[in-house]
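One structure below.
The values are calculated or read from the model by the stated rules, or taken from the named source; none is laboratory data. Treat the numbers as computed from the prediction; the structure is a model and nothing was measured. Don't worry about glycine lacking a Cβ; one is built from the backbone with ideal geometry, like all the others, and counts go over all protein chains shown. Just the protein is used for accessible areas: all its heavy atoms, side chains included, with ligands, DNA and RNA removed. Shrake-Rupley method; radii C 1.70, N 1.55, O 1.52, S 1.80 Å.
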Amino acid sequence: KMEFNYLGIDAVANAAPNIIACDPPYDVNFQGTTAGVNHYWDFGDGSPTSNVINPSHTYTGIGNYTVMYVAIDSSTCNIADTAYLSVTILQAETFSANLNVGPYDPCNPTSFDVSLQFTGSGADSLFWNMGNGTTFINDTIVNYTYPTAGTYIISLTAYDFTCGNVGTITDTVSFNSNAITAVANAAPNILACDPPYNVTFTGGTAPQHLWDFGDGTPTSSLQNPSHTFTNIGNYTVMYVVIDSNSCNVTDTAYLSVQILQSEVFSATLNVAPYDPCVLSNFNVSLEFTGSGADSLFWNMGNGVTFIDDTIINYTYPVAGTYIISLTAYDFTCGKVETITDTVIFNPNILTAVANASPNVIRCDPPFNVTFTGSTTPQHYWDFDDGSPIGTTANPTHTFSSIGNYDVMYVAIDSNTCNITDTVFLSVQVLQSEIFSAQFTTVPPQPCKDSVLVSINFTGSGADSLYWNMGNGVTFINDTSVFYYYTTPGIYNLSLTAYDFDCGNTGTISQTIQVDESTIDDKLIVPNVFSPNGDNINEEFRLFFAMYPDINPTQYLKEYTMEIYNRWGKKIFESSTNGWDGKINGKLADDGVYFYIIKFKQECIAEDLATRTGHVTIVR
């Protein structure tokens, strides 16, 4: 069986899309189909054909041209294929317009007419701009009236959408009449004070002038007259300009001249009487007695101010000297005036003042103190120890017991504001302190040539402590000292305590001997213990003979404890602790047990030391 599959191949002609262009000559670049075949181009304008794949052709005249393109491939089924496209060459349009301006009255410029017409052809859209915000769209004829005089730039924009052409035509029209008018300009209104007051007026540029000053004096025909107003009052000045060649011939302006009298300012100050023994609440009464002030500013001399009050009643809280000022403002005449006065509120107050000696600290009664009082006529001393009071200025009193006494002194003068004044001082009578210290020597150390000494200060009241360890080492103000002696010898350890309040110094000393004995010499092993929960002799372990509360194992390099029952079975072993009387967590029976303890000391090269024996549990 044979199959025959036919795969047909056709020649295909593809050409660029249609073209619209303007203003010949115009170049067009055409594009053919696949390379490697034959091509035939007919440009439709009678010019020679082309057989290249992508020819370029220039159209020299306007018109519509049909372009034929043939793709030829003899190896294909259809051999040739044809495509058509159109090329349109247009002439860009020409734009123009006409502008007509109507006549107007130069002395009556109320309206201004223009007539506009588009005289070109081919425009797709028109846009008129009248130069004052008014616009028209697509009108070929525009008749428009400007409501006000002015200079306007008229523009017409024409659009040729086919060729993408835009043209704008502009023209300027002036609607500014040369009408001449007489204008009366005069100086602004005038406000002045304190007549006589001279005013120079300024007129316009017209040929003739007339000034009426409004005060009954003769008129003036000068352009810039000077006039003196002799009385206060309000005057209306009239100014007329005259020009027969202008549209209006005359023009009139008015201005006012106001002549005022400056104000007179004054004030009164009243100070209330005050108690010479009271240092607060000092009253003053103030009043503005002038007239015509536009604003008032009071300054009380202590930072307090008042604005625009005509009457002030004020209380000064403390004594002092105060400068009071009033500033009055006449804004109309530009006048400022300040009035000042000084008030003194410094009463000469006499007071009784109690002065006494400073506080006293003494030691070891009985102790005499001589007190010093003030210069007042009478005196009162309470010594706070139950003894009679003192009435002299400088009494001497004996304090017979230790204690803190608050001595009160009262100075009395009936001629002063306060009559009496009181002061307190303290007298502290102390007992000199007693100093002591407790020396504790810690058991032998891991190496046989060191000793730890613990020292505690057990006295009271020392202001400073000085420890001397007897080997050049000292400590200051420590109440407890822990110190290692590392060299064998005899050391004189001393403590000096200082009581600065009483000027007392005490020294305590003790001799410390550091020998070369070993820990082994001082260890003991008990032969009985009672693990019954009463916290007494609860554990079987090594002891220092003189220090039962210290565990010696912390001073050993190596250590083991083994416990055996009566049948030789090991029931306990530890390298750190003693035996608590339990076997695998359960209480052992009362009875006798055998132990083996091995240990080696620090700094000693000998073999392990061994202790063996029997220990009895008794509950």
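Consider Asn537 carefully, then state whether it is touching a residue at least 24 places away in the same chain (Cβ under 8 Å) and in a loop (DSSP other than H, G, I, E, B). The answer is no for Asn537.
Inclusion of Phe543 among residues that are without any contact (Cβ under 8 Å) to a residue 24 or more places away in the chain, more than 16 Å from Arg611 (Cβ to Cβ) and surrounded by 13 or more Cβ atoms within 10 Å (Cβ to Cβ) is not warranted.
For Pro188, are the conditions met, namely being at pLDDT 90 or above and either more than 23 Å from Gln261 (Cα to Cα) or assigned to a loop (DSSP other than H, G, I, E, B) (or both)? It would help to see each step written out before you state the result.
Details: at pLDDT 90 or above: no; either more than 23 Å from Gln261 (Cα to Cα) or assigned to a loop (DSSP other than H, G, I, E, B) (or both): yes.
Taking the combined requirement at face value, the residue does not satisfy it.
Of all residues in the range 301-339, exactly one satisfies the criterion of being more than 42 Å from the chain's Cα centre (by Cα), small (Gly, Ala, Ser) and in a strand (DSSP E or B), namely Ala328. The residues of the range 300-331 that are touching a residue at least 12 places away in the same chain (Cβ under 8 Å), open to solvent by 40 Å² or more (accessible area, probe 1.4 Å) and over 14 Å from Ile344 (Cα atoms), listed by number, are Ile307, Asp308, Asp309, Thr310, Ile311, Asn313, Tyr329, Phe331.
Could you check how many residues of the range 143-161 are in contact (Cβ under 8 Å) with a residue 60 or more places away in the chain and either basic (Lys, Arg) or surrounded by fewer than 15 Cβ atoms within 10 Å (Cβ to Cβ) (or both)? Qualifying residue count, the range 143-161: 0. For the range 226-246, a residue qualifies if it is at pLDDT 90 or above, part of a loop (DSSP other than H, G, I, E, B) and surrounded by 13 or more Cβ atoms within 10 Å (Cβ to Cβ), but none of them does. Under the condition of being surrounded by fewer than 15 Cβ atoms within 10 Å (Cβ to Cβ) and at pLDDT 90 or above, the residues counted in the range 593-615 number 3. You will find that of Thr88, Thr140, Thr134, Thr60, the residue that is at pLDDT 85 or above, out of contact with any His (no Cβ under 9 Å at 6 or more places or on another chain) and exposed (fewer than 12 other Cβ atoms within 10 Å of the Cβ) is Thr60 and no other. Would you mind stating whether Gly120 is under 17 Å from Val173 (Cβ atoms), open to solvent by less than 30 Å² (accessible area, probe 1.4 Å) and modelled with pLDDT under 85? It is false that Gly120 is under 17 Å from Val173 (Cβ atoms), open to solvent by less than 30 Å² (accessible area, probe 1.4 Å) and modelled with pLDDT under 85. Do you know which of the residues in the range 466-516 that are outside any strand (DSSP E or B), modelled with pLDDT of 85 or more and small (Gly, Ala, Ser) is farthest from Phe367 (Cα to Cα)? This residue is Gly472.
Of Ser414, Ser426, Ser401, which residue is more than 30 Å from Ser480 (Cα to Cα), assigned to a loop (DSSP other than H, G, I, E, B), open to solvent by 30 Å² or more (accessible area, probe 1.4 Å) and at pLDDT 85 or above? Full working, then the answer.
Numbers: Ser414 fails: at pLDDT 85 or above; Ser426 fails: assigned to a loop (DSSP other than H, G, I, E, B).
Going through Ser414, Ser426, Ser401 in turn, just one is more than 30 Å from Ser480 (Cα to Cα), assigned to a loop (DSSP other than H, G, I, E, B), open to solvent by 30 Å² or more (accessible area, probe 1.4 Å) and at pLDDT 85 or above: Ser401.
Being closer than 29 Å to Thr168 by Cβ, of a type in the set (A, V, I, L, M) and loosely packed, with under 15 Cβ neighbours inside 10 Å is true of Ile20.
Applying the condition of being modelled with pLDDT of 80 or more and not in a strand (DSSP E or B) to the range 546-576 and asking which residue is most open to solvent (accessible area, probe 1.4 Å) yields Trp567.
With the requirement that a residue be at positive phi and part of a loop (DSSP other than H, G, I, E, B), what does the range 577-591 give you? Residues satisfying the conditions are Gly581, Asn584, Gly585.
Could you please let me know if Ile344 is open to solvent by 80 Å² or more (accessible area, probe 1.4 Å), touching a Gly at 6+ places or on another chain (Cβ under 9 Å) and at pLDDT below 85? Explain how you work it out, then say what you get.
On the way: open to solvent by 80 Å² or more (accessible area, probe 1.4 Å): yes; touching a Gly at 6+ places or on another chain (Cβ under 9 Å): yes; at pLDDT below 85: yes.
The answer is yes for Ile344.
If you take the residues of the range 247-264 that are in a loop (DSSP other than H, G, I, E, B) and among the hydrophobic types (A, V, I, L, M, F, W, C), which of them is nearest to Asn231 (Cα to Cα)?
Going through the range 247-264, the residues in a loop (DSSP other than H, G, I, E, B) turn out to be 247-249, 261-264.
Now narrow it down to the ones that are among the hydrophobic types (A, V, I, L, M, F, W, C): 247, 249, 264.
Working: Cys247: 40, Val249: 35, Val264: 18 Å.
It comes out as Val264.
The condition (being closer than 30 Å to Val28 by Cα, in a strand (DSSP E or B) and hydrophobic (A, V, I, L, M, F, W, C)) is satisfied by just one residue among Ala92, Ala158: Ala158.
Condition first: surrounded by 16 or more Cβ atoms within 10 Å (Cβ to Cβ) and either β-branched (Val, Ile, Thr) or closer than 19 Å to Val12 by Cα (or both). Now tell me which residues in the range 63-85 satisfy that. It would help to see each step written out before you state the result.
Residues of the range 63-85 surrounded by 16 or more Cβ atoms within 10 Å (Cβ to Cβ): 65, 67-73, 76, 80-81, 83, 85.
Of everything in the range 63-85, those that are surrounded by 16 or more Cβ atoms within 10 Å (Cβ to Cβ) and either β-branched (Val, Ile, Thr) or closer than 19 Å to Val12 by Cα (or both) turn out to be Val67, Met68, Tyr69, Val70, Ala71, Ile72, Asp73, Thr76, Ala80, Asp81, Ala83, Leu85.
Would you confirm, using the coordinates I've provided, whether Thr49 is at pLDDT 80 or above, in contact with an Asp or Glu (Cβ under 6 Å, 6 or more places away or on another chain) and within 19 Å of Gln91 (Cβ to Cβ)? Answer is no for this residue.
Can you tell me which residue is modelled with the lowest pLDDT among those in the range 23-44 that are surrounded by 11 or more Cβ atoms within 10 Å (Cβ to Cβ) and in a strand (DSSP E or B)?
Let us first name the residues in the range 23-44 that are surrounded by 11 or more Cβ atoms within 10 Å (Cβ to Cβ), namely 23-24, 26, 28, 30-34, 37-44.
Then keep just the ones that are in a strand (DSSP E or B); that gives 26, 28, 38-42.
Values: Tyr26: 85, Val28: 88, Asn38: 88, His39: 89, Tyr40: 90, Trp41: 90, Asp42: 93.
Here the residue is Tyr26.
Which of the residues spanning the range 237-271 are in contact with a Cys (Cβ under 8 Å, 6 or more places away or on another chain) and either of a type in the set (A, V, I, L, M, F, W, C) or farther than 30 Å from Ile324 by Cβ (or both)? Those that are in contact with a Cys (Cβ under 8 Å, 6 or more places away or on another chain) and either of a type in the set (A, V, I, L, M, F, W, C) or farther than 30 Å from Ile324 by Cβ (or both): Cys247, Ile259, Leu260.
Go through the range 362-415 and give me each residue that's on the phi > 0 side of the Ramachandran plot and in contact with a strand residue (DSSP E or B) (Cβ under 9 Å, 6 or more places away or on another chain). Step through it out loud before you land on a result.
First pass over the range 362-415, keeping only residues on the phi > 0 side of the Ramachandran plot: 364, 384, 386, 403.
Scanning the range 362-415 gives Asp364, Asp384, Gly403.
When Pro48 is tested against (1) over 21 Å from Ala158 (Cβ atoms); (2) open to solvent by 80 Å² or more (accessible area, probe 1.4 Å); (3) in a strand (DSSP E or B), just one condition goes unmet, and that condition is (3).
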